[in-house]
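A.B. asks: The structure follows.
The values are calculated or read from the model by the stated rules, or taken from the named source; none is laboratory data. Keep in mind that what you see is a predicted model, and the values were worked out from it rather than measured. Glycine gets a Cβ as well: all are built from the backbone with ideal geometry, and neighbour counts include every protein chain shown. The accessibility values were calculated without ligands, DNA or RNA, using every heavy atom of the protein model including side chains. Shrake-Rupley method; radii C 1.70, N 1.55, O 1.52, S 1.80 Å.
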Amino acid sequence: MTHNVNVQELVDKVRLKVLQGEEYLDRPITTSDISRPALEFAGYFKHYPAMRIQLLGITETSFAKDLTHEKRKKYLTKMCAPQTPCFVISTNLPIPEELAEAAKNTHIPILGTHLTSSQILSNMTSYLLGRLAPRQSLHGVLVDINGVGVLITGDSGVGKSETALELVRRGHRLVADDRVEVYARDEQTLVGTAPAILKHLMEIRGIGIIDVSTLYGTGAIMPSDNINLIVHLETWTPDVQFDRLGDRGDTQTIQGVIIPKVSVPVKTGRNLAIIIESAAMNYRAETMGYDATKTFDENLNRLIKSNSARDTKEKEQHEH
């Protein structure tokens, strides 16, 4: 599942100026890749990426100025392909007259910005990556706990929403309840957001649908968040062994991104909100270099060595 983006949305979100073709801003953008034409100004179009946004900066326009009028017209006309969404001109540069004519004839808008080519390239790529990345819908609840995005998963009825509501009451922020749309921003970053129909809403059994932003304020919600940790709630049974020391290093791979995962047994009397809050804080401590399990192992080894030395000394004294 992917979202659709058109030129108008790019103009609004990246703050571009429409220099020409305002009536054609509904043209679709299908890729986050941006093209900076180079070989095209030398007449090489064998691998011209026509479906990309075409970005012209100081280098491209300066080279084009050295061409004859006939060549500029020929090459810029070929760049105005039917699938090209738009042209973007950086650094407040003027539109080459040959481009203005060709773009007008092919109904391609021309946008401008005061930013340099590198700056606007970064801004457009970052925005389009997030909007055009393939989406995956997961069953769970996403909550931001002191800056750590925690995806709470588990079977239906295990208490995910109720636990998330208690976390919100404790000052944390809800991103999505029941369904979480996730996408990989890059190879190491997984982002989660709520479907449009479920934004700010939670379903609590016995109560129904509640609006978290209305009940707890806008500070209790977030539009999206990185997913840093997965907490899986499992109904406790005596025959299932759960990790007690936290040294298994369980993970789950979603959209190619590896996310740390902990499983928490659900049992009557357990305060799941506090446990998940502690899991998030422990994750943060580990990312800062502190490992409580390693500290426990070191303390245990020191205790064993100390007891062993004491036993050896007592044995030697007894023999004498």
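A.B. asks: Being open to solvent by less than 20 Å² (accessible area, probe 1.4 Å) and either of a type in the set (Asp, Glu) or without any contact (Cβ under 8 Å) to a residue 60 or more places away in the chain (or both) is the filter here, so list the residues in region 129-139 that pass it. Quick ask: steps written out before the conclusion?
C.D. replies: Here is the first cut: in region 129-139, the residues open to solvent by less than 20 Å² (accessible area, probe 1.4 Å) are 130, 133.
Across region 129-139, there are no qualifying residues.
A.B. asks: Give the residue, chosen from Thr84, Thr116, that is loosely packed, with under 15 Cβ neighbours inside 10 Å and under 28 Å from the mean Cα position of the chain (by Cα). Let's see the steps before the verdict.
C.D. replies: Values: Thr84 fails: loosely packed, with under 15 Cβ neighbours inside 10 Å.
Just a single option satisfies the conditions, and that option is Thr116.
A.B. asks: Quick one: is Val191 open to solvent by less than 50 Å² (accessible area, probe 1.4 Å) and under 21 Å from the mean Cα position of the chain (by Cα)?
C.D. replies: Judged against the criteria, Val191 is a match.
A.B. asks: Can you report the number of residues in region 123-167 which are more than 16 Å from the chain's Cα centre (by Cα) and either over 25 Å from Thr251 (Cβ atoms) or among the small types (Gly, Ala, Ser) (or both)?
C.D. replies: So the answer is 10.
A.B. asks: Then there is this: So, in region 283-301, of the ones that are open to solvent by 60 Å² or more (accessible area, probe 1.4 Å) and within 26 Å of the chain's Cα centre (by Cα), which residue ends up modelled with the highest pLDDT?
C.D. replies: This residue is Arg284.
A.B. asks: Which one of these is surrounded by fewer than 22 Cβ atoms within 10 Å (Cβ to Cβ) and touching a residue at least 12 places away in the same chain (Cβ under 8 Å): Leu93, Leu99?
C.D. replies: None of the other options fit; the residue is Leu93.
A.B. asks: If the Cβ limit is 9 Å and pairs must be 6+ apart or interchain, which residue in region 45-59 that is under 12 Å from Thr84 (Cβ atoms) pairs with which residue that is assigned to a loop (DSSP other than H, G, I, E, B) and acidic (Asp, Glu)?
C.D. replies: Final answer for the pair search is Pro49/Asp33; Met51/Asp33; Arg52/Asp33; Ile53/Asp33.
A.B. asks: Being within 17 Å of the chain's Cα centre (by Cα) and open to solvent by less than 40 Å² (accessible area, probe 1.4 Å), is that true of even one residue in region 199-218?
C.D. replies: So far as region 199-218 goes, no, none of its residues is within 17 Å of the chain's Cα centre (by Cα) and open to solvent by less than 40 Å² (accessible area, probe 1.4 Å).
Yes/no matrix, rows are residues, columns are (1) out of contact with any Phe, Trp or Tyr (no Cβ under 8 Å at 6 or more places or on another chain); (2) at pLDDT 95 or above; (3) of a type in the set (A, V, I, L, M, F, W, C):
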{"position": "Ser62", "(1), (2), (3)": "yes, no, no"}
{"position": "Lys65", "(1), (2), (3)": "yes, no, no"}
{"position": "Lys74", "(1), (2), (3)": "yes, yes, no"}
{"position": "Val88", "(1), (2), (3)": "yes, yes, yes"}
{"position": "Ile95", "(1), (2), (3)": "yes, yes, yes"}
{"position": "Ala102", "(1), (2), (3)": "yes, yes, yes"}
{"position": "Ile120", "(1), (2), (3)": "yes, yes, yes"}
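A.B. asks: For region 210-240, give me each residue that is in a loop (DSSP other than H, G, I, E, B) and farther than 17 Å from Gly159 by Cα.
C.D. replies: Our first condition is that a residue be in a loop (DSSP other than H, G, I, E, B); within region 210-240, this holds for 217, 222-223, 227-228, 236-240.
Answer for region 210-240, where residues must be in a loop (DSSP other than H, G, I, E, B) and farther than 17 Å from Gly159 by Cα: Gly217, Met222, Pro223, Ile227, Asn228, Pro238, Asp239, Val240.
A.B. asks: I've got another one for you. Restricted to region 1-33, and to residues that are of a type in the set (A, V, I, L, M) and assigned to a loop (DSSP other than H, G, I, E, B), which residue is surrounded by the fewest Cβ atoms within 10 Å (Cβ to Cβ)?
C.D. replies: Pass one, region 1-33, residues of a type in the set (A, V, I, L, M): 1, 5, 7, 10-11, 14, 16, 18-19, 25, 29.
After this cut, where a residue has to be assigned to a loop (DSSP other than H, G, I, E, B) as well, the list is 1, 16, 25.
Numbers: Met1: 8, Leu16: 21, Leu25: 18.
The extreme case among them is Met1.
A.B. asks: Mind counting the residues in region 34-68 that are farther than 15 Å from Met124 by Cβ, open to solvent by less than 60 Å² (accessible area, probe 1.4 Å) and in a loop (DSSP other than H, G, I, E, B)?
C.D. replies: Of the residues in region 34-68, 6 are farther than 15 Å from Met124 by Cβ, open to solvent by less than 60 Å² (accessible area, probe 1.4 Å) and in a loop (DSSP other than H, G, I, E, B).
A.B. asks: Applying the selection to region 100-110, what residues are in a helix (DSSP H, G or I), under 36 Å from the mean Cα position of the chain (by Cα) and closer than 18 Å to Gly57 by Cα?
C.D. replies: Here is the first cut: in region 100-110, the residues in a helix (DSSP H, G or I) are 100-106.
With the extra rule that they be under 36 Å from the mean Cα position of the chain (by Cα), the set shrinks to 103, 106.
Across region 100-110, the qualifying residue is only Ala103.
A.B. asks: If His3 satisfies every condition in (1) more than 35 Å from the chain's Cα centre (by Cα); (2) at pLDDT below 95 but one, which is the exception?
C.D. replies: (1)
A.B. asks: Here is a follow-up. For region 18-34, which positions are under 27 Å from the mean Cα position of the chain (by Cα) and within 20 Å of Lys104 (Cα to Cα)? Steps first, answer last, please.
C.D. replies: Going through region 18-34, the residues under 27 Å from the mean Cα position of the chain (by Cα) turn out to be 25-34.
Listed by number, the residues that qualify are Leu25, Asp26, Arg27, Pro28, Ile29.
A.B. asks: Here's another thing I want to ask about it. Counting residues that are surrounded by fewer than 18 Cβ atoms within 10 Å (Cβ to Cβ), which strands (runs of 3 or more DSSP E) fully inside region 142-186 reach at least 3?
C.D. replies: Working: elements: 148-154, 173-176, 179-186.
Because the criterion is at least 3 residues that are surrounded by fewer than 18 Cβ atoms within 10 Å (Cβ to Cβ), the strands (runs of 3 or more DSSP E) in region 142-186 that meet it are 179-186.
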